[in-house]
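Q: Structure incoming, see below.
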Amino acid sequence: MLVEGYGIPLGRVLAPANRNDSPLLAPTLDLLDDLGPLPDNITVHLDAGYDSGKTRDLLEGRDLIGEIARKGVKAPVQATQRWHIERTNAWHNAFTRLARCYERCTRVVEAFFDLADAIITVCSLIRRAWTTHRWDERPTRRP
């Protein structure tokens, strides 16, 4: 899964649950090309499962800055904060249809994920707008 700094999903590569995540890094980073022009300094945050020379070479070949948690060392984001990707995965798990998916057709699974991503994006934008924007008719508290 590819998310931005607030946890809004930008793209994903679907694979069976028993597949290792490391080989899916290159196809996931290929999704950046579909987003259009990007800022110069993009930092890719990865967990300790990606701590290898192959991953570092892949990121360096794409001119991306990689912040990879080291095996045996505490993660850069401590327990008081949550990785944005983990939060987005938790939001996806709130959709029970995705948590227990028995569909065989890939297009149907992708459609369910697209709908979930749309809902997550709208909810995140509303949540952020509620704290950053003021207007005269705004209710005094959240509904």
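The values are calculated or read from the model by the stated rules, or taken from the named source; none is laboratory data. All of these numbers come straight from a predicted model, not from anything done at the bench. As a convention, Cβ positions derive from the backbone with ideal geometry for all residues, glycine included, and neighbour counts pool all protein chains shown.
Q: Can you name the residue in the stretch 126-135 that is farther than 15 Å from Arg87 by Cβ and not in a loop (DSSP other than H, G, I, E, B) and, of all such residues, is modelled with the highest pLDDT?
A: Ile126
Q: State whether one or more residues within the stretch 3-20 are small (Gly, Ala, Ser), surrounded by 15 or more Cβ atoms within 10 Å (Cβ to Cβ) and either in contact with a helix residue (DSSP H, G or I) (Cβ under 6 Å, 6 or more places away or on another chain) or not in a strand (DSSP E or B) (or both).
A: Yes, because at least one residue in the stretch 3-20 is small (Gly, Ala, Ser), surrounded by 15 or more Cβ atoms within 10 Å (Cβ to Cβ) and either in contact with a helix residue (DSSP H, G or I) (Cβ under 6 Å, 6 or more places away or on another chain) or not in a strand (DSSP E or B) (or both).
Q: Something else: Starting from residues that are within 24 Å of Ala99 (Cα to Cα) and free of Cβ contacts under 8 Å to residues at least 12 places away in the same chain, keep the ones in the stretch 21-54 and report whichever is surrounded by the most Cβ atoms within 10 Å (Cβ to Cβ).
A: The qualifying residue surrounded by the most Cβ atoms within 10 Å (Cβ to Cβ) is Leu24.
Q: Within the stretch 23-54, restricting attention to residues that are polar (S, T, N, Q) and at pLDDT 85 or above, which residue is farthest from the chain's Cα centre (by Cα)?
A: It comes out as Ser52.
Q: Restricting the stretch 64-88 to residues that are at pLDDT below 75 and of a type in the set (A, V, I, L, M), which is surrounded by the fewest Cβ atoms within 10 Å (Cβ to Cβ)?
A: It comes out as Ala79.
Q: For residues that are surrounded by fewer than 12 Cβ atoms within 10 Å (Cβ to Cβ), of a type in the set (A, V, I, L, M) and either touching a Ser or Thr at 6+ places or on another chain (Cβ under 9 Å) or over 20 Å from Val3 (Cβ atoms) (or both), tally how many sit in the stretch 89-137.
A: Selection size over the stretch 89-137: 1.
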